[in-house]
Protein chains: 2
Amino acid sequence: MKYGFGVDLGGTTVKIAYFDETGNMMDKWEIPTRTENGGENILPDIAASIREYLSKNAVADSAILGIGIGVPGPVDGAGVVNRCVNLGWGVFNINETLETLTGFPVRAGNDATVAALGECWKGGGQGCKNIAFVTLGTGVGGGIVVDGKVVLGAHGAGGEIGHILLDPTETDTCGCGNHGCVEQYCSATGIVRVAKKYLAANDAPSCLRSIGNLTCKDVFDAGKAGDTAALAILEQVYDYMGRFLSAICCVTNPEVVVLGGGVSKAGAPLLEGAKRYFDKYAFHGCKNVRFELATLGNDAGAYGAFKLVL
Amino acid sequence: MKYGFGVDLGGTTVKIAYFDETGNMMDKWEIPTRTENGGENILPDIAASIREYLSKNAVADSAILGIGIGVPGPVDGAGVVNRCVNLGWGVFNINETLETLTGFPVRAGNDATVAALGECWKGGGQGCKNIAFVTLGTGVGGGIVVDGKVVLGAHGAGGEIGHILLDPTETDTCGCGNHGCVEQYCSATGIVRVAKKYLAANDAPSCLRSIGNLTCKDVFDAGKAGDTAALAILEQVYDYMGRFLSAICCVTNPEVVVLGGGVSKAGAPLLEGAKRYFDKYAFHGCKNVRFELATLGNDAGAYGAFKLVL
């Protein structure tokens, strides 16, 4: 039996997992992401942590297939990262750098696309070769899997579904500089924005009005408790979700849509609501799509990163 | 040198082309599509025409690699067609049927996706592995090419970009039964619809008002002649195009967008207009996309069909 590592590199922590070649996660741990000085310590820290793990557990180098790593930014097929704002990184080849540091083969990919690969392999999209994995978190990202492979696109920006235009009349600006992106309505922060706009434009009583620092979770919780305003807000959000998910399905006609990220913790109501509007808007030829929640949670990135090595 | 055939099966004519293995078109001709009696004569007619060509030109069977064919309906990877309304066809395996009739290997595909493959191979997307081919004709179809392969999707409905939702407030019904699809604004008939709505809602003088049976070409011609109303109508159309093309590019991040179909005969103004709104709406990571006109015209289907054989 051979083994390998899957690394999910985030802006505050690095998740590292040890797998056997069949994809069983044998172990996992975290180290802090040191972003100071242009993030120069990040890859050496990861290499040292992996080396330490191997020596502590007396694993021979010859048993290691390699290291897969998901990073929060665009990465091309050769492993060249093109700026990770959250890490302070510029442009360089991750594969080569981490190979030199560890002596093992390295495969890098974008974190969202790698998480998609993980869900496709061992999670909500298991057994499917065509999936749309949608990460509803602080932002909205995604991984589009066609014939078992994540679509990277010509410049590593495949699956950047958080910036599909939903409303050209939007006046607020998205983080990307455009107006009316999916992220402004369907991310955790987007849902709070939709809620605040609704509450400002309506006089309806709502338990949400008494909450000081409104969160996305508050909106879903209020909805579950039957708060009329919260339910109306969520209908708007589900409508936006149905629109962009149906657009994605017209392009690649996946077998399953997998919803992940922090927002997906809302569970069944989210799944049902998004599917209901999807069914309203989707082209009949692309309608035969299952909706699933991501099942690997925070581990999807590590699973998918290791899958890059296989 | 080996040879083969590329067949583009349409509702009124069948275009048959003879290629050498490098993709040089050596010859081409047409036969009528006999759709009576459930289209039972269509494949036998094609087989007879190919057999006649080979015997007339004294080509040995051993020199023939096979036959590729594009058909106007969904076709799965095994060659099973799932109803071609225009041909009277139900559900059967085209590959097997035409192989039995001719004795040559057969590969069938959907006509729009096959045309995309043709443009990718020898036309406007030549040399690119990631393209979005958009057919702006009576309807709007497309072929999304990822890593050199046309995306079929889970149920053969990949590239059904004509039914991406653009305007959920639309009251007119699309041919598919939904409301606000791309096809209602960007197809030849959609552009005429947009023009008529504009002319009814505005008092501005326009040469278009005196045209009895307004066509899409009339609108572009009037625009080229400087008609203010026509130019305003085309701005609306380009705006719609920019919106859905930017959505596609967020999903698969192609290197080039190739515009084909009858509407693309409008040429440079269409290309420039659609690109201008694309640049307005596209996510920065997906903006680095060339816009090209399809160059193979009516031959794209035959080229792409033959490519299926290789």
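What do you reckon, is A:Val59 in contact with a Phe, Trp or Tyr (Cβ under 8 Å, 6 or more places away or on another chain) and not polar (S, T, N, Q)? When the stated conditions are applied, A:Val59 passes them. A residue that is assigned to a loop (DSSP other than H, G, I, E, B), hydroxyl-bearing (Ser, Thr, Tyr) and in contact (Cβ under 8 Å) with a residue 24 or more places away in the chain can be found somewhere in region A:127-141. In this structure, is B:Ser246 under 30 Å from A:Thr135 (Cβ atoms) and either aromatic (Phe, Trp, Tyr) or free of Cβ contacts under 8 Å to residues at least 60 places away in the same chain (or both)? Answer is yes for this residue.
Taken as a whole, the condition of being among the small types (Gly, Ala, Ser), more than 26 Å from A:Leu43 (Cβ to Cβ) and buried (at least 20 other Cβ atoms within 10 Å of the Cβ) applies to A:Ala195.
When residues in region B:146-167 are screened for being modelled with pLDDT of 95 or more, in a loop (DSSP other than H, G, I, E, B) and either within 17 Å of B:Val71 (Cα to Cα) or at the interface with another protein chain (Cβ under 7 Å from one of its Cβ atoms) (or both), 1 of them pass. If the condition is being crowded, with 20+ Cβ neighbours inside 10 Å and within 14 Å of another protein chain (Cβ to nearest Cβ), then region A:262-285 contributes A:Tyr277, A:Phe278, A:Tyr281, A:Ala282, A:Phe283.
If you go through region A:20-57 and keep only what is surrounded by 15 or more Cβ atoms within 10 Å (Cβ to Cβ), part of a loop (DSSP other than H, G, I, E, B) and either in contact with a Ser or Thr (Cβ under 6 Å, 6 or more places away or on another chain) or free of Cβ contacts under 8 Å to residues at least 24 places away in the same chain (or both), you end up with A:Thr33, A:Arg34, A:Asn41. Against the test of being under 21 Å from the mean Cα position of the chain (by Cα) and within 14 Å of chain A (Cβ to nearest Cβ), the options B:Asn298, B:Asn288, B:Asn253 yield a single qualifying residue, B:Asn253.
Per this entry, A:Gly212 is not counted among residues that are assigned by TED's automatic domain parsing to the domain that holds A:Ser246, buried (at least 23 other Cβ atoms within 10 Å of the Cβ) and without any contact (Cβ under 8 Å) to a residue 12 or more places away in the chain. What's the number of the condition A:Gly267 fails, among (1) at pLDDT below 95; (2) at positive phi? Of everything listed in (1) at pLDDT below 95; (2) at positive phi, A:Gly267 misses just condition (1). For B:Arg83, the conditions (1) under 20 Å from the mean Cα position of the chain (by Cα); (2) on the phi < 0 side of the Ramachandran plot all hold with the exception of (2). Across region A:189-205, the number of residues qualifying as touching a residue at least 12 places away in the same chain (Cβ under 8 Å) and closer than 28 Å to A:Thr135 by Cβ comes to 10. Here is the figure for region B:175-218: residues that are of a type in the set (A, V, I, L, M) and in a loop (DSSP other than H, G, I, E, B) total 4.
The values are calculated or read from the model by the stated rules, or taken from the named source; none is laboratory data. Predicted, not measured: the structure shown is a model, and the values here were computed from it. Positions of Cβ are backbone-derived with ideal geometry, glycine not excepted, and every protein chain shown enters the neighbour counts.
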